[in-house]
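Colleague: First the structure, then my questions, so here it is.
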Amino acid sequence: MRFLYLLLVVLFLVLQGVTGRRLPFISRPLNHCTLQNGHCFPGACPRSFYWIDLCHGGYSCCRRYVEV
């Protein structure tokens, strides 16, 4: 029975590829830095930016200061 479910999943993925649609979780990894309006910089954040989080590969996720 598990084999049947596996075949159905594979068939679903093949049909998705034939129609040209891609599943959102397969197309590309989620970048949390861009979701927080940040940019990835190597090393420390440059001036006028502050540190938010880490990016892939050890880069720093930085966001620009906004003065009100």
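Colleague: 7 Å from Cα along Cα→Cβ at both A44 and F12: what's the point-to-point distance in nm?
Modeller: Label at A44, label at F12, 4.9 nm between them.
Colleague: Show me the ranking of peptides 56-67, 3-14 by mean Cβ neighbours inside 10 Å, starting with the highest.
Modeller: Going from most to least packed, we get 56-67, 3-14.
Only the coordinates and a few stated rules stand behind these numbers; no lab work does. Being a predicted model, the structure only gives us computed values, none of them experimental. Don't worry about glycine lacking a Cβ; one is built from the backbone with ideal geometry, like all the others, and counts go over all protein chains shown.
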